[in-house]
Amino acid sequence: MATTAIAEKPRLSFWQIWNMSFGFLGIQFGFALQNGNASRILQKFGADVEHLSWFWLAAPITGMIVQPIIGHYSDRTWNRLGRRRPYFLTGAILSAIALFLMPNSAMIASFAPAILVGAGMLMIMDASFNVAMEPFRALVADNLPDSQRGTGFSVQTFLIGTGAVLGSLLPYIFTEVLHIASTAPKGQVEDNVKYSFYAGGTILLLSIIWTVIRTKEYSPQEYARFHPKGAEETGKPAGGLAEILKDLSRMPATMKQLGLVQFFSWFALFSMWVFTTPAIASHIYHVAPGDNASAQYGKAANWVGVLFGIYNGVSALYALVLPAIARATSRKKAHAFSLVMGGLGLMSVFLIKDPAWLVLSMVGIGLAWGSILAMPYAILAGSIPANKIGVYMGIFNFFITFPQIVNGIVGGPIVKYFYNGQAIYALVLAGIFMLCAAICVMFVDDNKSIRIAK
């Protein structure tokens, strides 16, 4: 029987890789606005600090549901736009609408309490982000040879960090440079936050349109040259939930091992996103519990936005050197080192009294964040079948969303009953969990040779 020769995927130029991932800049711009301001908005609408994690459950629950479905169907899609592009274009439109609506939840409070409308907008916004985001990971694996995948995910991380810096700093810039108000009466969202969300929605949509226009996907015929065994799956009717569950039961061993690393990492990140604003406001700015309308609280919240911008900026720069670190050591060692730095950064917040010194904490967190966004995917991509990249990238999201759901359920009560309402201790626990992730990654089976393009 004749054997079909398997062609090697052509290497892409830096700018082809850049354009392929450019939409991630806009997605992370939106994520940064959500991460830095959702707790602030929900508190404005009446949420207590111990209940914030419950509202944030909307994000991981929708991600757990949406990403495997989008991944599964994008594996089987082919139309005039391509295989992955139809999904992240649809997600971009929905995300932009959600970003425009969330800070205006109070305006439609006649239909339901503002806090419920805000939580609903958070869920819709995160679902839309996930529709847009999931295919980007698969697109890198689709288009790049294994020797360039590390670079591809690192470019994504750089763009993610850049978008997050801009998104995190925007409320601060609107206030300090354009003198737009950063305070508002109870029940209303500050103007600087509103305008930031409007800008974020616009940038997200435009950046993804750029990727749609400037990126080529392989046709089914071209794809068959590189993956003849899985080519018949493209365009084949999707098997739905039953097939997703079958793929879940057959996940590679490397993916299971990475799952434990992801659990500790994302439990820590969820704590940071939910509790950093109230923790810094009370522990460093000495804002009284429940006071979210004072100028001092606004100052603390704005500084948290700057700090989030700093750690994302560090992650963007770190992404440029991370492939070289992994090449010199190993992907596992590079990731473990980064996680240790993140753990120390989170725990150091407890020891700091001067807000300016929090910048050092953010450097450590930025190293961890940069690696979390790149190394697990680079390790994973070489261990999954080519015709299942979309669905397995989506299933891998379980290991991101599940720890956030667990934290969302127990995090608030722990802060209330064990920490006596002091959110700073949630950040200390997050640091400990990050160190646990660093230990676990050393036991991951990464047999794929590290052929990262120079």
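The values are calculated or read from the model by the stated rules, or taken from the named source; none is laboratory data. Small disclaimer: the values here were computed from a predicted structure and weren't measured. Counting neighbours? That spans all protein chains shown, and the Cβs are built from the backbone with ideal geometry, glycine included.
The condition of being at pLDDT below 85 and either β-branched (Val, Ile, Thr) or part of a helix (DSSP H, G or I) (or both) holds for residue 246.
If we keep just the residues of the stretch 326-343 that are within 29 Å of residue 30 (Cβ to Cβ) and at pLDDT 90 or above, which is surrounded by the fewest Cβ atoms within 10 Å (Cβ to Cβ)? For the stretch 326-343, the residue satisfying everything is 341. Among the residues of this structure, residue 377 counts as one that is farther than 19 Å from residue 61 by Cβ and surrounded by fewer than 24 Cβ atoms within 10 Å (Cβ to Cβ). All of 378, 368, 336, 374 fail the test of being in contact (Cβ under 8 Å) with a residue 24 or more places away in the chain and touching a Lys or Arg at 6+ places or on another chain (Cβ under 8 Å), apart from 378. Figure legend. Inter-residue proximity from the stretch 162-186: first residues modelled with pLDDT under 85 and assigned to a loop (DSSP other than H, G, I, E, B), second residues β-branched (Val, Ile, Thr) and surrounded by fewer than 24 Cβ atoms within 10 Å (Cβ to Cβ), beta-carbon distance below 6 Å, spacing 6+ or different chains. Indicated pairs: 182/175.
Each residue in the stretch 65-88 was checked for being farther than 25 Å from residue 399 by Cα and outside any loop (DSSP other than H, G, I, E, B), and 3 of them qualify. Residues that are closer than 18 Å to residue 205 by Cβ, crowded, with 18+ Cβ neighbours inside 10 Å, modelled with pLDDT of 80 or more and not small (Gly, Ala, Ser) are absent from the stretch 143-154.
When the stretch 170-186 is filtered for residues that are surrounded by 23 or more Cβ atoms within 10 Å (Cβ to Cβ) and among the aliphatic types (A, V, I, L, M), only 170 remains.
Against the test of being modelled with pLDDT of 85 or more, outside any loop (DSSP other than H, G, I, E, B) and more than 30 Å from residue 338 (Cα to Cα), the options 199, 268, 224 yield a single qualifying residue, 199. Being modelled with pLDDT of 80 or more and buried (at least 21 other Cβ atoms within 10 Å of the Cβ) holds for only one residue in 96, 59, and it is 96. When the stretch 99-118 is limited to residues that are at pLDDT 70 or above and of a type in the set (A, V, I, L, M), the one that is nearest to the chain's Cα centre (by Cα) turns out to be 99. Identify the residue in the stretch 62-82 that is of a type in the set (D, E, K, R) and surrounded by fewer than 24 Cβ atoms within 10 Å (Cβ to Cβ) and, among all such residues, is modelled with the lowest pLDDT. Here the residue is 76. Can you find, within the stretch 196-225, the residue that is farthest from residue 299 (Cα to Cα) among those that are within 22 Å of the chain's Cα centre (by Cα) and among the aromatic types (Phe, Trp, Tyr)? Top of the filtered list is 210.
Answer yes or no: is there a residue in the stretch 290-299 that is under 27 Å from residue 360 (Cβ atoms), in contact with a Pro (Cβ under 8 Å, 6 or more places away or on another chain) and in a helix (DSSP H, G or I). Looking for residues that are under 27 Å from residue 360 (Cβ atoms), in contact with a Pro (Cβ under 8 Å, 6 or more places away or on another chain) and in a helix (DSSP H, G or I), one finds none in the stretch 290-299, hence no. Can you confirm whether the stretch 348-362 contains a residue that is of a type in the set (D, E, K, R) and either crowded, with 24+ Cβ neighbours inside 10 Å or not in a helix (DSSP H, G or I) (or both)? Scanning the stretch 348-362, I find at least one residue that is of a type in the set (D, E, K, R) and either crowded, with 24+ Cβ neighbours inside 10 Å or not in a helix (DSSP H, G or I) (or both), so the answer is yes.
Residue 359 fulfils the conditions (1) under 20 Å from residue 433 (Cβ atoms); (2) at pLDDT 90 or above except for a single criterion, (1).
The rows are residues; the columns are (1) over 25 Å from residue 297 (Cβ atoms); (2) at pLDDT 95 or above.
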| position | (1), (2) |
| --- | --- |
| 346 | no, yes |
| 365 | no, yes |
| 394 | yes, no |
| 424 | no, no |
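What number goes with the only condition from (1) modelled with pLDDT under 80; (2) buried (at least 19 other Cβ atoms within 10 Å of the Cβ); (3) under 15 Å from residue 41 (Cα atoms) that residue 136 does not pass? The one condition residue 136 does not meet is (3).
Looking across the stretch 278-297 at every residue that is at pLDDT below 80, on the phi < 0 side of the Ramachandran plot and not hydrophobic (A, V, I, L, M, F, W, C), the one that is surrounded by the fewest Cβ atoms within 10 Å (Cβ to Cβ) is identified as 291. Residues in the stretch 187-196 that are surrounded by fewer than 23 Cβ atoms within 10 Å (Cβ to Cβ) and either under 12 Å from residue 28 (Cα atoms) or modelled with pLDDT of 80 or more (or both): 191, 194, 195.
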